[in-house]
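The structure appears right after this line, and notes come after that.
The values are calculated or read from the model by the stated rules, or taken from the named source; none is laboratory data. Model, not experiment: these values are computed from the prediction. Backbone-built Cβ (ideal geometry, glycine too); neighbour counts: all protein chains shown. Note: accessible area is taken over every heavy atom of the protein model, side chains too, but ligands, DNA and RNA are not part of it. Shrake-Rupley method; radii C 1.70, N 1.55, O 1.52, S 1.80 Å.
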Amino acid sequence: MWNSSTIRKAFLDYFQERDHTIIESSSLVPINDPTLLFANAGMNQFKDLFLGIEKRGYDKAATSQKCVRAGGKRSDLEIVGKTKRHHTFFEMLGNFSFGDYFKREAIFYAWDFLTREVELPREKLYITIFEDDDEAHDLWQEIANVDPSRIIRMGEEDNFWAMGDTGPCGPCSEIMYDRGEEHTCDAAVCGLGHCDCDRWLELWNLVFMQYNKEPGGELSPLPKPSIDTGMGLERIASVLQKVDSNFDTDLFIPIIEKIEELAGQKYQKDDKGFPFRVIADHSRACTFLIGDGVIPSNDGRGYVLRRILRRAVRFGKFLGIERPFLYQCVDVVSDIMKDTYPDLEEKKDFIKQVIQLEEERFLVTLNEGIKKVEEIIRQARKQERNIILGEEAFMLYDTYGFPIDLTEDMAEEKQFSVDKQGFETMMEQQRERARKAGKAEHAFAQDKLFSDLLAPVPATIFTGYDTLEQTSTVLAIILNGVIVETVSDENVYVVLAQTPFYAESGGQVTDTGMIKNQDGLLQVESVRQVSDWIIHYGKLEGTLSVAREVDLKVDAERRLSIARNHTATHLLHRALRSVLGEHAQQKGSLVEPDRLRFDFTHLQAVTLDEMELIERKVNEAIWQLYQVETTSTSLQKARDMGATALFGEAYGEQVRVLEVGDYSMELCGGTHVQNTGEIGVFKIINEGSIGAGLRRIEATTAMKAFNMLKESESQLKEIAGVLRSHPGDVPSKIEALNKTIKKKEKEIEGLKSRLSKVAMEDMASKAYEINGVKILVEEVPGQDMNSLRQNAERLRDVLGTSVIVLASALDDKVAIVSFASKDVVGKGIHAGDIVGAASSAAGGGGGGRPDMAQAGAKDVSKIPLALQAAKNYIESKLD
């Protein structure tokens, strides 16, 4: 019996035996690819290899890649659980060739693995090819002896794959598995090319990248055609385990059994089991996304996670689960996957905490949100419309935290639609953030331009770990997107044979300095690395030419300041995990000469005591005078050593391990001090939230930190001087002053109360009487609405059967209140009508209950008119 682990292992072993390098799954969060929300295919981590931007030490690879298709262009969120084969999270088994083998070998490997290695019956397998790909058609017959009647030609939409609007592309060929006639759908013609039902299961897609798509749309042959294949682990598992659905495999059954336990009801494989399937799928997606550092939020990746998580919670309600429950599925997901993804077991407590907290938050508003949707639908039916308006959908999102897909789900259940375009119009602010992300896409396109221009240029050798000054040779000059031989007095990009200049990477800012010879001087403002080339940018004064020697000099003082701050981030990372827990993982950093910024995962504010302990631990590590040492080794050996990989970094086969004594060991390609003593001192500037579950610490080191401490000391002395005390006595002096102030404030409140009582009695004496009702209409200077209400209520209590109207001007605004005793209200007098008459006379408006009302107005000069209008109304009712 095949289980998912043995299938995964058999696939990777098969290709390893055929000289493929086995590459670990990349994170679900793509590294350096702004075009992707999540990794959604096996080829994502090899994109730069296919584009020729990057080179690695292998030309054949195989992976089992974690993928999420939810949000963005490729989303299966809405159909999960409705079909037997779609998921938000899944694993993609894939083999890849980067200019090594092509169609013949790819077809052979796929057919050989399926028919010989896992022994699928040949008669169950069908092939689809691109309609014009005669070569693939012939190869399938030659290699696999597939009958031509079982090879189906398909159009461009189904069987031609492209990386984007331009770039590598080519025809593809799919291996389909026929589940049998019992799975036939109700379509008039059920067959490949005619329907997309569960009978015809796409097992393996082979993409033959043989063309480059030009901006005009024309296709030109690639010099080195490549192969990209993908087979869903869940799908092949369902076939080999001889079950009807992916949800019946060993990847899902334990999760569904847990949901049965939580819901107190049995799973059924028909439509009634739909909520079980959704929850089981979404529990896997949430577990893996949070494990890879995504936290629920209102935009980007965090928003997609929030949608998935809240959708699962809502389907839990369909099963009668009214409490947080999804977090309890994490243990089951981890147990199924821990052998392949051991990090899940390490992170599961934090993952559960994140999910439970989000569930609790959502359940607070979910019930109200559901009632609001139902109310909107009722009102819409009265108006004879079957659409939820864009502004209504936005209100649900903005007020009740209802993701648009939940609104769409509920609408669909009631045969309603949602004005999605109107909703998007009202999400202008979120779209603006998306437009800003386009800057990163521009940088990606510029990297591709540089890569194409520099293809014939030798790689740059980085020497900056060992020296800050040297002589080198100019290899290339780029001006306005074109390679030039000579340039004068321009802003230019320059590539050198060797350079000590560090390119911005891993959160560390670029080096600056100068490149010069007798002909010119280039002030280096920024440095970037594109594939094997280090590119210097700056303003040139004079002339620079290709093949000429130049002298290079990095700004040494700036580099040292950056190194101090960079090493301090590693000490801070270790201290955070020590004090807050291992979940406090780095999620981003910025290392500049003057400061460092460190983002990390933590669900609540760091307390003052925790902050003090973190700061102390970092400084203790500095004062231990640890040696800082680096080692170059393979990625696997680095992990075996116990080195921590940092968030947001893409690692090659060879990595650099940074060891700070026995305190910290992390992968890092940045520049660092040689001994922690060079950092001097570490001082936290501030700590705060930057999003749900994400915190940020800003800090500084060395002289900047010393200056901060001196400034604080100076301020403390100044405060002590004002308090006429010693600096050490300032806290006790302030505490004594606070006690005195509180005592005086209490005395003042008592005096105010007595004065107010006297004032009220004095004001009450101004009341006049009509038919047994006392009337008091007065202007009270300098009071806000709250004070007016309190005074009017007191006066009503003093006068008994009465009507009170008070008005006041404060900050050029008019406030009017009216109180009427209950027996007066019974005579037809309405406090709301009184303030309505008064405020209208002063250019305002308002209203309220019969016994109490308030209003505002704009024209202070018309307060007398307002009060007269109130009098006229009251007297007309009492006469």
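Would you mind telling me which numbered condition in (1) surrounded by 18 or more Cβ atoms within 10 Å (Cβ to Cβ); (2) not in a helix (DSSP H, G or I) residue 551 fails?
Here residue 551 clears every test but (1).
Condition (residue is open to solvent by 20 Å² or more (accessible area, probe 1.4 Å), closer than 30 Å to residue 319 by Cβ, modelled with pLDDT of 85 or more and touching a Ser or Thr at 6+ places or on another chain (Cβ under 7 Å)) applied to the stretch 250-258: is it met by at least one residue?
yes
If a residue must be in a helix (DSSP H, G or I) and touching a residue at least 60 places away in the same chain (Cβ under 8 Å), how many such residues does the stretch 577-605 contain?
Qualifying residue count for the region: 0.
I need the full set of residues from the stretch 369-424 which are under 21 Å from residue 317 (Cα atoms), of a type in the set (Lys, Arg) and exposed (fewer than 14 other Cβ atoms within 10 Å of the Cβ), in order please.
Selection gives 371 alone.
Of everything in the stretch 475-501, what is polar (S, T, N, Q) and under 19 Å from residue 532 (Cα atoms)? Give them in sequence order.
Residues satisfying the conditions are 498, 499.
If we keep just the residues of the stretch 578-617 that are small (Gly, Ala, Ser) and farther than 27 Å from residue 557 by Cβ, which is surrounded by the fewest Cβ atoms within 10 Å (Cβ to Cβ)?
The qualifying residue surrounded by the fewest Cβ atoms within 10 Å (Cβ to Cβ) is 605.
In the stretch 121-167, what residues are outside any loop (DSSP other than H, G, I, E, B), without any contact (Cβ under 8 Å) to a residue 60 or more places away in the chain and of a type in the set (Ser, Thr, Tyr)?
The answer is 149, and nothing else.
Kindly provide the set of residues from the stretch 746-761 that are of a type in the set (D, E, K, R) and either over 54 Å from the mean Cα position of the chain (by Cα) or open to solvent by less than 100 Å² (accessible area, probe 1.4 Å) (or both), ordered by number.
Within the stretch 746-761, 747, 754, 757, 761 qualify.
Condition check ((1) of a type in the set (A, V, I, L, M); (2) over 37 Å from the mean Cα position of the chain (by Cα); (3) crowded, with 20+ Cβ neighbours inside 10 Å) across all residues:
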residue	(1), (2), (3)
518	no, yes, no
529	no, no, no
542	no, yes, no
546	yes, yes, no
567	no, no, yes
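So which of 705, 699, 720, 736 ends up being open to solvent by less than 70 Å² (accessible area, probe 1.4 Å), within 30 Å of residue 590 (Cα to Cα), of a type outside the set (Ser, Thr, Tyr) and not in a strand (DSSP E or B)?
Criteria check complete, one pass: 705.
Need a quick list: helices (runs of 4 or more DSSP H) entirely within the stretch 762-879 having at least 3 residues that are open to solvent by 50 Å² or more (accessible area, probe 1.4 Å), farther than 29 Å from residue 752 by Cβ and at pLDDT below 80.
Output list is empty.
What's the total number of residues in the stretch 24-40 that are open to solvent by less than 40 Å² (accessible area, probe 1.4 Å), in contact (Cβ under 8 Å) with a residue 40 or more places away in the chain and either more than 34 Å from the chain's Cα centre (by Cα) or farther than 12 Å from residue 66 by Cα (or both)?
Going through the stretch 24-40 one residue at a time, the tally reaches 1.
Give me the residue from the stretch 723-733 that is assigned to a helix (DSSP H, G or I) and not β-branched (Val, Ile, Thr) and, out of that set, nearest to the chain's Cα centre (by Cα).
731
Given the structure, is residue 336 open to solvent by 10 Å² or more (accessible area, probe 1.4 Å) and touching a residue at least 24 places away in the same chain (Cβ under 8 Å)?
It is true that residue 336 is open to solvent by 10 Å² or more (accessible area, probe 1.4 Å) and touching a residue at least 24 places away in the same chain (Cβ under 8 Å).
With the checklist (1) modelled with pLDDT under 90; (2) within 17 Å of residue 310 (Cα to Cα) in hand, flag the one item residue 382 doesn't pass.
(2)
Quick one: which of 96, 130, 102, 108 is open to solvent by less than 20 Å² (accessible area, probe 1.4 Å) and of a type in the set (Phe, Trp, Tyr)?
Just one listed residue meets the conditions, 96.
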